[in-house]
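The values are calculated or read from the model by the stated rules, or taken from the named source; none is laboratory data. Given the structure is predicted, the values throughout are model-derived calculations rather than measurements. Quick reminder, even Gly has a Cβ in these numbers, built from the backbone with ideal geometry, and neighbours come from all protein chains shown.
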Amino acid sequence: MKTIKNTLYFVLCTVVLIALGSCEPRALTEEDVFFTEDQVAELTSDGQIYHLNDFLDQFMTEQGNFASDTCPYRERSYDATHELYLYSVDTIPTNGPGVYIRGRITTDDYSGNFYKAMVIQEVVNGVQQNLRISVDLGSSHGLYQMGQEIIIRCNGLAVGRYANQPQLCIPSYNNNIYAMNANQKVGWCPGRIQASVFRRATHLIGKPDRSQLKYDEYTLSDLYRDIDLKPALTEAGMDAVRKADGRLIIIRNVHFTGEFDNNGTLAKCDTLHPDSSSNANVFAPTTDNIGYPQSRVLQDNMSNKIMCSSSEYSKFAHFYLPGADRHGVTDCPNWTGSVTGILGWYLDKASTLASNKLTGYEWSVTPRGIPGIGISDIEMYNDHDDPWIPTEYDPRKQ
Amino acid sequence: MLLSLMLCVSAFAQTTLRGKVVDAGTNTPVVGATVLLGNQNVATTTNAEGEFQLLYLDATDEEVIVEAEGYVGTIELVLLEENKTVEMPAIQLAPDIAKQTQDEILLNLTEEEMNDDEGRSQSQASASSATTDVFNSTTSFAWSTARYRNRGYASTAETYYIEGLPFNSSERGQFNYSAMGGLNDASRYKDVINPMEATSFTFGGLGQATNYLMGASRYAQGWKVGVAGTNRNYKARVNATYASGTMANGWSVIAQLAYRFSPYVDNKGIIGEGIKYYSLGYFVSAEKAWSNGNRLRFLTFGAPTERGQNAAVTQEVYDLTGSINYNPYWGYQDGKVRNSRIVKSFDPTFIAAFDLKIDEHQKMKFALGYHYSMYSNSAVNFYNAPDPRPDYYRNLPSFYWDGQIANPNNETSAGQLFDENGAHYPWGLFIGEDMNGKSLGTGVIADDGYLIGPSIDPAQYNNLVNLWKNRDNTTTQINWDNLYAANYANNANDPNAPARYFVERRHNDIQESMATINYQNTKYDHLKMTAALEAKVSQGIHYKTMDDLLGANQWIDIDAFAERDIKELASNTGFTQEYIAQIVQNDLYHPNRVIRQGDRFGYDYRINMNHLKAWFQNEWTFHEVDLYYGLSLEYNSMQRTSRMFNGRQAYLATLAYRRGTMWKYLGDDTDQYSSPKSTYYDRTHHFVDPAIKFGATYKINGRNRVKLNAMAMTSAPYARDAYISQRVHGRVVDNIYVHDTARTIAEFYSSSEKVASADLTYEFNYPIVRGRVTGFFTQSWNGTELNGYYDDESRTFVNQALTGIDKRYMGIEAAIAVKLGTYFTLTGAASVGDYRYTSDAMAVSSAENGMPMTQNMVTKELIYETRDKVLLNGLKLATGPQANASLKLSFFHPKMWFADVTVSYHDWNYLSVAPSRRMQGLYTGERTDGTNVNGWFGDSYANAIETTDGQALRVSIDPETQMAVYENAVLDANGVPVLKYPYNLMTMQESLVATNPLNRFLIDASIGKLIYLKNRQSVSINLSVTNLTNNTHFKTGGYQQARLPRAVRQGQKDYENSVITANAWKYPSKYYYAWGANFFLSVTYKF
């Protein structure tokens, strides 16, 4: 009897201990992980939320505050003739009042056409304001989805321009000795915010809502009434360009011409293997790992042109342009429609400014994807109203 | 050690010694105690009643040395008279409560070492030790902290039996300690045999052989309950054991329950940081003994366990966090600690054994067993989302160094940063001037104490440093909030999208059915014959299940990494996105299957293994010499079957078919994949391996003896090493023959490892001093290993099968125990060895996702498998410290006080090298298969190979030997080119030994008291403190990361564009440290 009692007592104790030990954290709910406006207010009580353009005006200077004579900005970034900097870095004080910006993410890096970069949009009085963010985060769309509103504490970060494109960033010294023309690119420039630093600085406000994104719709003619094809080479002229950069736009009634920007002149694409020809009639054939965005010409029926910019690392890089195939690009004009994407003005050689040789091809629209590959940003139809179905270069069919 | 001697039968009167061994407190019989006569060198063991009898003795003064597992040994003096029987009074043994505690700690230690998905341990101490062997009893616990391995052998060399049944896994070769987690009583009684020695329960192998004896009759009648507290991974333990003793009907029963537990403790920097631990062990055994000597046993045990894990991390992380206990696997969820890596294990085991005593000279043992080992480990997986690991290399301050470390050879970039004394800062060569020759100024001392170059922004750097130093939760731990948020955001955008993050559970189960028949015959004078047959049918069962969707709606069953890697490589392969969508499928007959909580996905395959072993052994025992020899023949087979047909396999099948080549994973049976089936069968592979061993003991006199043991054997590769990518397909390593292609014996054995081993021992045994010295030498040839790693050159996960590995183990082990007066014993032990590779290996590397590894630069043909030598020759084996010594002072007072202090010193401990960093092609630019290496040490960009007198490097490969011929290169002692600093850091074998010699010492101590109460009750209290001085500089293991720092050379085609950069600190090694001071306090009440 005593034995039985002892046994029962031990078993009972064991069961109690097991029960005590089985405490697990509860599953998190949506309310746990998304900020409310009340939480935003609490977070930002130590400082101020800036509108994006105000943020640029407040913190981004022409020359930047970071580099020094001994440790200068990236080479070929300064146009002494017009006293303009294509590259700059301004650090935001770590201490002091909180500096916050908020915006809704307009980009998606699933297709790979955006890489370790995102753009946020803030609509102020019905007008888009945008800012690029450079962050060392691959597949960022997994956490920072298109349509997600975020708030960022910018203290300790920096704002600067990379090839004249403003962005939230950190100072980074480019020393890529394996780059083409490496000695012309060495120096300080905006760099990617380290991933864990960015995650710590950022909070998600509510769930993503893509319907809240504002798209500015244009024809090319309208667009060029809104932006300067060849801006004035002054701080004011550049400022207008910089504020337009990053805008989420839809361009209507355009078609691909089957051409590409060949250093300021346009040339016809070829039908060679995209691995061997950087002029192949696909969105982004190889640059042999130099990595510059590949441009393909979009045109309207008024012969206005803008570049469609794609990365050779995107998943749709080897997809034929609408109307192109292994035989060539002759059918391109028959496919017209709209292209959605991020408006950009990219120039990384100050000598172009110094010699006043802007071509207008500095403007581009960068799609976030194509039908079937990420965000469907290119929508085109032929004369029979058949929708464009992307096809990929297939070496087995050559 | 059991040692039964067969004496000549005589009809005459004889000199005889009889006695009984009992527990000093309870007077219960001690079963299985060894009784040895020191002068005459004869021994026996006690029976179930604790009795012993020795016959045909010489009439003389004699020392009766009595030892038993779990007891303090004793020596009694007796006078043996001619032709008389001496009846000794009961010999009382005091329970060794310190040893019992140590055994329990050891059992837990070995269990926790089973730390990765495949159940492979980084290092493993031996939880079993021969009590009567001075060396083993001294070192098994004291050296376990340093992860000492007996003679440097892998844990697979040690063979484990339970009641005579083989319990080493057929698939992995190891014994799974978690099966007996916390069951210190179940594992108390065992026979442990030193390497190669003769024993009746097994033919044995290279290492020690252990046979756990779990018959209920071994346990004294009564209850035992205990509680224990510790600051190790689990914090407390309660246990209770009841043993009936042998009842009147011949039955005896024992049952034990042991519960070990620790909830999550929210305290950073403690041992077991972020780890929870729950384990409930049970053990039930019933035994029936008949008067004719026959015995029947049934037993079952298991220990359902759930425990968190920790990870090896880089030294930078340890330094930043200021703790060797930092664990990146956990994070806060809802304010509570949650570990992402939770092991669940449960090994229910059932055994029936029958001992048949045919007559006085013949007995047979039969045993049947069934064992189902359920082992699974969870991990966070991610898809199209950022890497969630907090210690991912890009999240560390050192990532800021990338691109800022100057290439010492590249003068256009190479301003070199000098410290105040004009010397290179030892942590690196930061650029001090830009590539146009402009000085950038001087560096600064950052908050982590490193001198960083002027091209690094100290504000950004220090910000990150301080987040780590302050253990910022979102920086240094898993951010569960982010993982949930990603999924909830994903749901909002597309309710049907696959999860971004989820916790998967990787199951590596194995079920085994086994049987043995063991026959022993002592009919002939001086001769003991043993013959045995053992059979085992095993099935490894491998699959994944969805553990937690973390708020996501579902997962889609594709290979996330295959998709990512293939798409990155698509431009090289010519794949279309449509084709890729097929390849990434995990089951082509169920494409895009929706996976929800608990569903099985990813892979689902079995490894069916059959094992049959027959062996016999003859042992002759004479007055001056003992001899033995044994022969063994072993058959093994393995076959992979799969319940899924994945896209990578299909793709590779297509390739093989196109080329008309018979790839081994497909053979001629590709039709089976043409339609959906419940199971797809790969080929069966058969292996037959013989072994022979022999030995002799020369007894100089009763107190001194010399022993020689020798063995030669072949052994088949384990299944875990045989398949190069078993999650995907059934392709085996190159040297395993396919059954219809083996035409010669040599070909048949081309995959078997060949081993020869011998040892020579001198033993002495005096009343005051005893000990032994052993020299050993073992050479193995043609070993096989499998590695997996992320390869930067081909930008995908690569499996690397290594064959033709030769190893040598040689050394000396010695121990001595000296009695110092009545209460003290001083024991010393030392082991000095040289365990190293004695050959290079051949490696076949292939991408797990089936993508090409490289391209023929002339023909543009894509190459899916590369072959190259791995320069291992001369490197040390990473099997624990190779030089060890310890001194132990033990105290035992007859009033049952116990205490001991052990000081141990460990040296010559090496980190395992990553074979991928030692590929010959990295030194020559060309693999042995003729393909070019994309970025190698000697190319004009790295220019890292030291040359003689500044001459240009010239290398070539001898077409016959495939050995590289280096001209003008400076070679090291192993013939490998010496690399310039800092490239040499990438390939050198690291020492794990602390720089300060004082930090190579570990001190352990314990104290205990046994209190006898009325009515045969007792209470024992023991406190054991390990690493008493809190040495936090003692590395026990780790690994060199496989990845090399690389950069892409712009303007070059793929396969020609990679450069090894000078940033040797980008992927540094990861380490495990020995715990700091830790204790184990136990109180046990017996009644």
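Structure values in brief
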| quantity | calculated |
| --- | --- |
| Hits in segment B:322-348 - residues which are surrounded by fewer than 20 Cβ atoms within 10 Å (Cβ to Cβ) and either charged (D, E, K, R) or not in a loop (DSSP other than H, G, I, E, B) (or both) | B:Y332, B:D334, B:K336, B:K344 |
| Flag if A:T94 is within 11 Å of another protein chain (Cβ to nearest Cβ), closer than 20 Å to A:S134 by Cβ, at pLDDT 90 or above and part of a loop (DSSP other than H, G, I, E, B) | yes |
| Answer residue from segment B:437-457, given it is β-branched (V, I, T) and buried (at least 17 other Cβ atoms within 10 Å of the Cβ) and is nearest to the other protein chains (Cβ to nearest Cβ) among those | B:I456 |
| Residue match in segment B:1005-1012 (condition: under 30 Å from B:T1061 (Cα atoms) and in a strand (DSSP E or B)) | no |
| Test: residue in segment B:764-775 that is within 21 Å of the chain's Cα centre (by Cα), at pLDDT 95 or above, polar (S, T, N, Q) and assigned to a strand (DSSP E or B) | no |
| Residue list for segment B:488-497, restricted to those being closer than 20 Å to A:A27 by Cβ and more than 9 Å from chain A (Cβ to nearest Cβ) | B:P495, B:A497 |
| Members of segment A:343-372 that are among the β-branched types (V, I, T) and within 14 Å of another protein chain (Cβ to nearest Cβ) | A:I370 |
| Count of segment B:526-554 residues which are more than 31 Å from the chain's Cα centre (by Cα) and within 30 Å of B:N496 (Cα to Cα) | 6 |
| Yes/no for A:Y110 being buried (at least 22 other Cβ atoms within 10 Å of the Cβ) and among the aromatic types (F, W, Y) | no |
| Positions within segment A:38-77 being polar (S, T, N, Q) and either under 12 Å from A:G160 (Cβ atoms) or modelled with pLDDT under 90 (or both), in sequence order | A:T61, A:Q63, A:N65, A:S68, A:T70, A:S77 |
| So A:V197, is it within 10 Å of another protein chain (Cβ to nearest Cβ), among the β-branched types (V, I, T) and either within 19 Å of A:S68 (Cβ to Cβ) or surrounded by 21 or more Cβ atoms within 10 Å (Cβ to Cβ) (or both) | yes |
| All positions within segment A:119-138 that are within 12 Å of chain B (Cβ to nearest Cβ) and in contact with a helix residue (DSSP H, G or I) (Cβ under 7 Å, 6 or more places away or on another chain) | A:V135, A:D136, A:L137 |
| Residue in segment B:93-105 that is small (G, A, S), surrounded by fewer than 21 Cβ atoms within 10 Å (Cβ to Cβ) and either at pLDDT below 80 or assigned to a strand (DSSP E or B) (or both) present | yes |
| Residues that are closer than 18 Å to B:F201 by Cα and either surrounded by fewer than 19 Cβ atoms within 10 Å (Cβ to Cβ) or at pLDDT below 95 (or both), drawn from segment B:521-562 | B:N521, B:T522, B:L527, B:K528, B:M529, B:A531, B:L533, B:A535 |
| Identity of the residue in segment A:113-143, at pLDDT below 95 and under 13 Å from A:T202 (Cβ atoms), that ends up surrounded by the most Cβ atoms within 10 Å (Cβ to Cβ) | A:L143 |
| Complete set of residues in segment A:295-342 that are over 13 Å from A:T391 (Cα atoms) and within 14 Å of chain B (Cβ to nearest Cβ) | A:S310, A:S311, A:E312, A:Y313, A:S314 |
| Answer from A:G360, A:G291 - the residue that is part of a loop (DSSP other than H, G, I, E, B), within 25 Å of the chain's Cα centre (by Cα) and in contact (Cβ under 8 Å) with a residue 60 or more places away in the chain | A:G360 |
| Residues satisfying the stated conditions in segment B:458-477, i.e. facing another protein chain (nearest Cβ under 10 Å) and in contact (Cβ under 8 Å) with a residue 24 or more places away in the chain | B:Q460, B:Y461, B:L464, B:W468, B:N473, B:T475, B:T476 |
| Pairs with Cβ under 6 Å, 6+ apart, first in segment B:238-264 and within 23 Å of B:V227 (Cβ to Cβ) and among the basic types (K, R), second modelled with pLDDT under 95 and surrounded by 18 or more Cβ atoms within 10 Å (Cβ to Cβ) | B:R260/B:G182; B:R260/B:Y234; B:R260/B:R237; B:R260/B:S279 |
| First in segment B:496-522 and outside any strand (DSSP E or B), second anywhere and hydroxyl-bearing (S, T, Y), Cβ under 7 Å, 6 or more apart | B:P498/B:Y383; B:A499/B:Y383; B:R500/B:Y383 |
| Spans of strands (runs of 3 or more DSSP E) in segment B:1025-1073 with at least 1 residues over 23 Å from B:P881 (Cα atoms) and basic (K, R) | B:1046-1048 |
| Residue in segment B:432-443 that is part of a loop (DSSP other than H, G, I, E, B) and modelled with pLDDT under 80 present | no |
| Residue that is farthest from the chain's Cα centre (by Cα) [pool: residues in segment B:266-279 that are within 12 Å of chain A (Cβ to nearest Cβ) and surrounded by fewer than 22 Cβ atoms within 10 Å (Cβ to Cβ)] | B:D266 |
| Test: residue in segment A:74-88 that is within 11 Å of another protein chain (Cβ to nearest Cβ) and either within 30 Å of B:V503 (Cα to Cα) or crowded, with 16+ Cβ neighbours inside 10 Å (or both) | yes |
| Scope segment A:154-193; condition more than 12 Å from chain B (Cβ to nearest Cβ) and of a type in the set (A, V, I, L, M); matching residues | A:V159, A:A163, A:L168 |
| Any hit, segment A:212-226, residues being within 14 Å of chain B (Cβ to nearest Cβ) and either in a helix (DSSP H, G or I) or aliphatic (A, V, I, L, M) (or both) | yes |
| Tally of residues being closer than 30 Å to B:T475 by Cβ and out of contact with any Asp or Glu (no Cβ under 7 Å at 6 or more places or on another chain) across segment B:256-305 | 16 |
| First in segment B:912-939 and more than 16 Å from B:D972 (Cα to Cα), second anywhere and in a loop (DSSP other than H, G, I, E, B) and of a type in the set (F, W, Y), Cβ under 6 Å, 6 or more apart | B:G925/B:W936; B:N934/B:Y1055 |
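One line per residue, one yes/no per condition, for (1) under 32 Å from the mean Cα position of the chain (by Cα); (2) at positive phi; (3) in the same structural domain as B:N884 (by TED's automatic domain parsing):
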site: B:D949; (1), (2), (3): no, yes, yes
site: B:A952; (1), (2), (3): no, no, yes
site: B:T961; (1), (2), (3): no, no, yes
site: B:A969; (1), (2), (3): no, no, yes
site: B:N974; (1), (2), (3): yes, no, yes
site: B:V978; (1), (2), (3): yes, no, yes
site: B:L985; (1), (2), (3): yes, no, yes
site: B:E990; (1), (2), (3): yes, no, yes
